[in-house]
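Undergrad: The structure that follows is given in the form of structure tokens.
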Amino acid sequence: MTKGPTTLPSWVHSNPVALGHAERIAPTIEDAQEDIGRHIRAVIKKVFEDPDIRKAGKGAVIRYTTMCGEVIRRILAMKEMDPGLINVLAIGDVTLPPEAKTTMDELVEAAHGYERELTAEGYGYDLASQGSLRARSATIDYLDSHYGFSAQEGLRDVLVKNTGVSSGGMRALNDIASSFVLSATRDREHPSRPRFIQPDNSFGTWRQIAKNSSMDGREADIHTINTEQKNLLHLTASQVDDFYASNPHETEDRKYSDLWYITPVGNPSGTRMTPSQLSDVAKAIVRNNPNATIVLDCVYVRTLRKEDANALLKDIISDPTVMDRVLFVESLSKTHGIPGKRVGVYFSKNPDIFGKVLNLNMTVSAGNGYDKDALLLAVANSTPEQEKVFKDLHEFWARERRGLFHYLRQPQFSYLFDEDQSHITPEQMENPLGLYLFMKLESGVTYQDVAIATGCLGVEDKDMGAGTFIRFSVGKITEPTYAKYIPEVEEVGEVGEVT
């Protein structure tokens, strides 16, 4: 048996909820010192079947899986086994490596200075609930290097005017969904039935937001379009056309208001749309329903290299008709590894689309806080040296993601994964693309089977494509772990055959 430390590491006590579960469950698990594999299986089974953890995690599968992983690791440490036998890769959380943490500390300290400047005349409400003009201007200028706004004359100033600061991307999405349903159902002059339309690769929280905002489908229709591996688990223009052929936005007795939700750089898919794929989808939506709203969740776009991000968004930014229907959502959570700070923005060229969201935020909040403006200012005014640290972080994640793929594709694990991994392309595997690796499981295999065999605990997804997938996140890895599995000479074969 692999022994752990005689004194429990400090991280065991850092999450009192996980520790409490571990202390309660550990005594109920019989030791099996002669068979470490059987012991680990017993721990995993006991934790995942625990009714208290299940109840607390109901409806939040990622947090539930992550909590189970943390409890398992604590139990292993308590039983003098190596907690490193299980690596929790389930949640899209981030633990910054030392250099990135130091740099982020510098930016947070700079934010304190900006906040003092913003509050020099007092701490009153942000009556517009929009964020300061100074912060909005700096943010749009900062995003420009990846989006390419400045290539379109006058666009920058329009976007600054139609930008709202939010308490994170998810809060922005919630306001977007709620305002969409309210504006459609309250328009007595032009009544319509709201529809949420999304591919099945949509961010899980968005699915829940759409469900809640529609009162479980009573106040709005929800349509989910199945994606395919051959299309990188993303939407295609032909699928948009097919949807409208079966579901026209206007019939003899009813008119529909449509909101499309698209993540061009995917969570959970771990893939990104090609530039033409994204452009063609957006054009197809507008062609079929000129009044549709397209929400582009771009939280992971800036984990791409600048040239890749520019190429992805160029045709969207340069098409006035499409841009007039797009609402962008951005966040610092993943690009800078600060999901606990909760700061983001939403913006649109169209003042009507933007204004409805802003009005909703204004009516249900007291504004989003000077601290959000201040942190945006600090990040937007980063030095080139500080920016390089975060670009290096994105490259580090890319290497770990790539190495994890090679680790899991080793012959001894071949029975766990489907032979078809065609959504994973060599080019996308080699370049920065956020935190996620998304692999198709062999029929009958569960994420618990994968954890026992590989030590990698991911989160299962049965809602995408055909079959069952598992998502791994490398965001909590702080030192080279899986990159060592990248072959010195890497042969790149067909799509999905990075070997």
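The values are calculated or read from the model by the stated rules, or taken from the named source; none is laboratory data. Quick caveat, the model's predicted, so the values are computed rather than measured. Reconstructed Cβ throughout: ideal geometry from the backbone, glycine too, with neighbour counts over all protein chains shown.
Undergrad: Which residues, taken from segment 192-214, are outside any helix (DSSP H, G or I) and in contact (Cβ under 8 Å) with a residue 40 or more places away in the chain?
TA: 192, 193, 194, 195, 196, 197, 198, 199, 200, 201, 202, 203
Undergrad: If you don't mind, there's one more thing I want to ask. May I ask you to list the residues in segment 226-243 that are in contact with a Lys or Arg (Cβ under 9 Å, 6 or more places away or on another chain) and either buried (at least 20 other Cβ atoms within 10 Å of the Cβ) or charged (D, E, K, R) (or both)? Let's see the steps before the verdict.
TA: First, the residues of segment 226-243 that are in contact with a Lys or Arg (Cβ under 9 Å, 6 or more places away or on another chain): 229, 232, 234, 237, 240-241.
Listed by number, the residues that qualify are 229, 232, 234, 240, 241.
Every residue, every condition in (1) of a type in the set (Val, Ile, Thr); (2) surrounded by fewer than 24 Cβ atoms within 10 Å (Cβ to Cβ); (3) at pLDDT below 95; (4) on the phi < 0 side of the Ramachandran plot, yes or no:
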residue	(1), (2), (3), (4)
269	no, no, yes, yes
286	yes, yes, no, yes
292	no, yes, no, yes
321	yes, yes, no, yes
333	no, yes, yes, yes
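Undergrad: Being touching a His at 6+ places or on another chain (Cβ under 8 Å) and either of a type outside the set (Ser, Thr, Tyr) or surrounded by fewer than 24 Cβ atoms within 10 Å (Cβ to Cβ) (or both) narrows it down to one of 304, 312, so name that one. If you could, list the steps in order and put the result at the bottom.
TA: Numbers: 312 fails: touching a His at 6+ places or on another chain (Cβ under 8 Å).
Every option except 304 fails the conditions.
Undergrad: A follow-up question, please. Among the candidates 383, 363, single out the residue that is surrounded by fewer than 15 Cβ atoms within 10 Å (Cβ to Cβ) and at pLDDT below 95.
TA: 363
Undergrad: Related question: If you go through segment 362-394 one residue at a time, how many are more than 20 Å from residue 143 (Cβ to Cβ), polar (S, T, N, Q) and part of a helix (DSSP H, G or I)?
TA: The qualifying residues number 1.
Undergrad: Now, a different point. With 184, 177, 220 as the choices, which residue is under 20 Å from the mean Cα position of the chain (by Cα), small (Gly, Ala, Ser) and surrounded by 20 or more Cβ atoms within 10 Å (Cβ to Cβ)?
TA: Unique residue meeting the criteria: 177.
Undergrad: For the subset of segment 408-463 comprising residues that are in contact with a Gly (Cβ under 9 Å, 6 or more places away or on another chain) and among the polar types (S, T, N, Q), which member is surrounded by the most Cβ atoms within 10 Å (Cβ to Cβ)?
TA: 428
Undergrad: Take the residues of segment 480-499 that are over 22 Å from residue 442 (Cβ atoms) and modelled with pLDDT of 95 or more: which is surrounded by the fewest Cβ atoms within 10 Å (Cβ to Cβ)? Can you show your working first?
TA: Within segment 480-499, the subset over 22 Å from residue 442 (Cβ atoms) is 480-481, 483-484, 486-492.
If we keep only those that are modelled with pLDDT of 95 or more as well, we get 480-481, 483-484, 486.
Details: 480: 12, 481: 16, 483: 19, 484: 10, 486: 18.
Filtering segment 480-499 for residues that are over 22 Å from residue 442 (Cβ atoms) and modelled with pLDDT of 95 or more, the one surrounded by the fewest Cβ atoms within 10 Å (Cβ to Cβ) comes out as 484.
Undergrad: Taking the conditions exactly as written (under 22 Å from residue 204 (Cβ atoms) and in a helix (DSSP H, G or I)), does residue 286 satisfy them or not?
TA: So residue 286 fails the test.
Undergrad: Another one. If you go through segment 247-265 one residue at a time, how many are touching a residue at least 12 places away in the same chain (Cβ under 8 Å) and over 30 Å from residue 299 (Cα atoms)?
TA: From segment 247-265, those touching a residue at least 12 places away in the same chain (Cβ under 8 Å) are 247, 249, 254-265; that's our starting set.
Checking which are over 30 Å from residue 299 (Cα atoms) leaves us with 254-255.
The number of residues fulfilling the criteria is 2.
The rows are residues; the columns are (1) aromatic (Phe, Trp, Tyr); (2) farther than 30 Å from residue 312 by Cα.
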{"residue": "415", "(1), (2)": "yes, yes"}
{"residue": "420", "(1), (2)": "no, no"}
{"residue": "429", "(1), (2)": "no, no"}
{"residue": "432", "(1), (2)": "no, no"}
{"residue": "439", "(1), (2)": "no, no"}
{"residue": "443", "(1), (2)": "no, yes"}
{"residue": "453", "(1), (2)": "no, yes"}
{"residue": "457", "(1), (2)": "no, yes"}
